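Quick notes on the structure that follows.
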Amino acid sequence: MGDRLFYMVYTNPLEGREEAYDEWYEKFHIPEILSVPGMISAQRTQLKVTETGRAGGFSPETHRFCVVYEMDGDPDEIMTVIREKSMSGEFHPSVDVDPASVQMSWWTQVGDKQLAPDR
């Protein structure tokens, strides 16, 4: 096993396109991405705005959705394969994602995962 990373992709659907956006992610995008060697898992998440976050100024509501991908290996090599498959037309593009909203980042694990005592 190589270096495990978490690849975070923040996006928003175009106005009025959320249903098609969700369908594209579930039916096409995530299965295609997970077919690339080095990709391990994907979990879609949606922003949950809370009073605590708002009161403390901790909820930047710039992105409504985030996909957390787990990767194993060199992220540049993995992303090169993804880019090549996208450019060749092997992957289905989305016309429902707001391209101006897309942000990506890669994170490495620091320390061991810790669980609550009752878990």
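Count Lys and Arg as plus one, Asp and Glu as minus one, and take only other residues whose Cβ is under 14 Å from that of Tyr7; the net charge is then -3. When the square roots of the Cα gyration tensor eigenvalues are ordered a ≥ b ≥ c, the ratio a/c for region 1-65 is 1.5 or more and a/b does not exceed b/c, which makes its shape oblate. What number comes out for the charge environment of Val81, summing +1 per Lys or Arg and -1 per Asp or Glu over other residues with Cβ under 12 Å away? Once all neighbours under 12 Å are counted, the net charge is -4. Each of Arg119, Arg64 has some number of other Cβ atoms within 10 Å of its Cβ, and from fewest to most they run Arg119, Arg64. In plain terms, the residue of Val68, Val97 with the fewest other Cβ atoms within 10 Å comes first and the most crowded comes last, giving Val68, Val97. The spread of Cα positions in the chain, taken along each principal axis and listed from longest to shortest, comes to 46, 42, 23 Å. Amide H contacts under 5 Å for Phe65: Thr11, Leu47, restricted to partners 5 or more places along the chain or on a different chain, H placed in the peptide plane at 1.01 Å from N. Ranked by how many other Cβ atoms sit within 10 Å of their own Cβ, fewest first, the residues His92, His29, His63 fall in the order His92, His63, His29. Annotation: amide H-H contacts under 5 Å for Gly38 (H modelled 1.01 Å from N, sequence separation of 5 or more, or interchain): none.
Each value in this text was obtained by applying a stated rule to the coordinates, not by laboratory testing. Given the structure is predicted, the values throughout are model-derived calculations rather than measurements. Every residue, glycine among them, receives a Cβ derived from its backbone with ideal geometry; neighbour counts consider all protein chains shown.
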